[in-house]
Amino acid sequence: MTASAHAERGHLLARLSRWSEAAAAYDAAHALDPSLRYLAGQRLHARMRICEWRDFDGLVSELGARIDAGELAAIPFPTVAMPLSPSQQLRCATAYCAATLPVLPRPAGPPPAKRIRIGYFSADFHEHATAHLLVEALELHDRTAFEVSAFSFGRADESPVRRRLREACEHFDDVAGLEPAAIADLAVRRGLDIAVDLKGFTAESRPRIFVAGAAPIQVSFLGYPMTTGAPFIDYLIADATLIGPGEVDAYSEKIAWLPGCYQPNDRQRPVDARTTKRADHGLPEQAFVFASFNGSYKITPQVFAVWMDLLQAVPDAVLWLLQDEAADNLARAAAQAGVDPARLVFAPMLPAPRHRARIGHADLFVDSLPCSAHTTASDALWAGLPLITCRGETFAGRVAASLLAAAGLPDLIVENLEDYRALALALARNPQRLAQVRARVAQVRTTPLFDTPAYVRNLEDLYRRMHARRLKGLPPDHLPPQPDPEG
């Protein structure tokens, strides 16, 4: 087989989430042609999916150097969890867009109407993290000022969250069977003022909708925590924790800052009512339970080494992780670090309500780096589970910090792994201090993080400001945060 054939086999296996086989296929392609387009990034990503860390630092360094040299070494999204800088993520995304997506003229905008017409585009309007975060925000849009459409190009389950999404929008179009240009044409005929892309370059994305032009203003929001590098995306919605005013040069979009956390939250998120005990989840009743429910691709050897230090320092403590294809490699890595692999407890995948019900059995959520917890972090806080995070360098590496800041818990944010280890150890060794933190976390539902009506007012204020600039004939520009328009 040729290098390209091995790589294509790897891509197919990756789409099937058969990551060990995908990694082997990428290794075979690399042995024949290491310069193959996008191979370096895909190969490293497949290894990260299974926590196979041979020469991890070397592979990251090589990938970063190739991105800096302008090579097409990676597709953008897998770099979200790699220790690369925001500027390297921008270079990667810009090169990818230039090589794969044409630049087409944007259609003329519709004439002003009584209401601003917003369209949300996603493949995730079903049982998915993005849907769970966004649904109440859509329900709370001011219908006297905004006409809300949803364009769904993913699977159509009959889940409760999809039913809520359908009812939350005046127009809910299942466009999964349409080509991107046809979806864009439908949006233009709908007269959208603002098109909101919730996918970026994640799985099942349709960037060509926005190449064709769905609206005169096109916005990246929520589902893609990094720059698109795309000339057809005008704004990226963020907050000041994620992107500082002096960091905008690492983003192709103009930044639209929300005054609090960028992430919306659903206060009606379902939690399974059944009561369980630790033993029902394979956890010891008395020992300290560290937990990290991030996807395995977010676990780097540097963070795992800190976790192993914590287990060695806290007798009988266990680490509770999600069960996936990386479990065997993680168990081996624990043994190599001198930790009994039995102290790693793997949680099977469960529906979201049952997962939210079990996570409170942990004592402390220890976050990943350089890509932090996102929906997983807000679920943990909603369940009353204390979370510590190390602020990363990138947008995706600061989401948990943004959540904690909005929840009034900035003392659970640290700036380096040394302080992260020290804080985790201090909380594990001091039950009284941990109890005080847990009592504060128990109050987060009353903080701005979960004030969804105020969040929606602030989001709508951004939309109004974007729209007003267009009506004045002004190009997109950075929109600094403003106080809650009603607060």
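The values are calculated or read from the model by the stated rules, or taken from the named source; none is laboratory data. Since the model is a prediction, treat every value here as computed from it, not as a measurement. Cβ placement follows ideal geometry from the backbone for every residue including glycine, while neighbour counts extend to all protein chains displayed.
For this structure, a couple of remarks:
- Contact map, segment 380-400: residues that are in contact (Cβ under 8 Å) with a residue 12 or more places away in the chain paired with residues that are of a type in the set (S, T, N, Q) and not in a loop (DSSP other than H, G, I, E, B), Cβ distance under 6 Å, separation 6+ or inter-chain. Pairs shown: A400/T389.
- Where a residue in segment 144-159 is in contact (Cβ under 8 Å) with a residue 12 or more places away in the chain and on the phi > 0 side of the Ramachandran plot and its partner, wherever it lies, is surrounded by fewer than 17 Cβ atoms within 10 Å (Cβ to Cβ) and of a type outside the set (D, E, K, R), with Cβ under 9 Å and at least six apart: none
Per-residue answers, yes or no, for (1) assigned to a loop (DSSP other than H, G, I, E, B); (2) assigned by TED's automatic domain parsing to the domain that holds G154; (3) surrounded by fewer than 22 Cβ atoms within 10 Å (Cβ to Cβ):
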position: T202; (1), (2), (3): yes, yes, yes
position: R206; (1), (2), (3): yes, yes, no
position: I209; (1), (2), (3): no, yes, no
position: V219; (1), (2), (3): no, yes, no
position: P225; (1), (2), (3): yes, yes, no
position: G229; (1), (2), (3): yes, yes, no
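- Residue check, Q312 among the polar types (S, T, N, Q) and either in contact (Cβ under 8 Å) with a residue 60 or more places away in the chain or within 26 Å of A352 (Cα to Cα) (or both): no
- Counting only helices (runs of 4 or more DSSP H) that fall entirely inside segment 5-68 and contain at least 2 residues that are surrounded by fewer than 20 Cβ atoms within 10 Å (Cβ to Cβ), the qualifying elements are 19-32, 56-68.
- Flag if A426 is among the hydrophobic types (A, V, I, L, M, F, W, C), out of contact with any Asp or Glu (no Cβ under 8 Å at 6 or more places or on another chain) and without any contact (Cβ under 8 Å) to a residue 12 or more places away in the chain: yes
- Members of segment 397-435 found to be out of contact with any strand residue (DSSP E or B) (no Cβ under 7 Å at 6 or more places or on another chain) and of a type in the set (V, I, T), listed by number: V399
Every residue, every condition in (1) part of a loop (DSSP other than H, G, I, E, B); (2) under 24 Å from L242 (Cβ atoms); (3) modelled with pLDDT of 95 or more; (4) not assigned by TED's automatic domain parsing to the domain that holds D239, yes or no:
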residue: E418; (1), (2), (3), (4): no, yes, yes, yes
residue: L423; (1), (2), (3), (4): no, yes, yes, yes
residue: L427; (1), (2), (3), (4): no, no, yes, yes
residue: L434; (1), (2), (3), (4): no, no, yes, yes
residue: Y463; (1), (2), (3), (4): no, yes, yes, no
residue: H467; (1), (2), (3), (4): no, yes, yes, no
residue: D484; (1), (2), (3), (4): yes, yes, no, yes
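- Conditions (1) crowded, with 20+ Cβ neighbours inside 10 Å; (2) within 24 Å of the chain's Cα centre (by Cα); number of the one not met by L192: (2)
- Residue match in segment 346-355 (condition: surrounded by fewer than 22 Cβ atoms within 10 Å (Cβ to Cβ), modelled with pLDDT of 95 or more and closer than 25 Å to L425 by Cβ): yes
- Test: residue in segment 76-89 that is more than 25 Å from V399 (Cβ to Cβ) and small (G, A, S): no
- The numbered conditions (1) part of a loop (DSSP other than H, G, I, E, B); (2) closer than 29 Å to P78 by Cβ are all true for R356 except (1).
- Residue match in segment 234-244 (condition: buried (at least 20 other Cβ atoms within 10 Å of the Cβ), of a type outside the set (S, T, Y) and not assigned by TED's automatic domain parsing to the domain that holds A184): no
- Among the residues of segment 359-382, just one is closer than 18 Å to V314 by Cα and part of a helix (DSSP H, G or I), namely H361.
- Any hit, segment 70-81, residues being more than 24 Å from the chain's Cα centre (by Cα), surrounded by 20 or more Cβ atoms within 10 Å (Cβ to Cβ) and modelled with pLDDT of 95 or more: no
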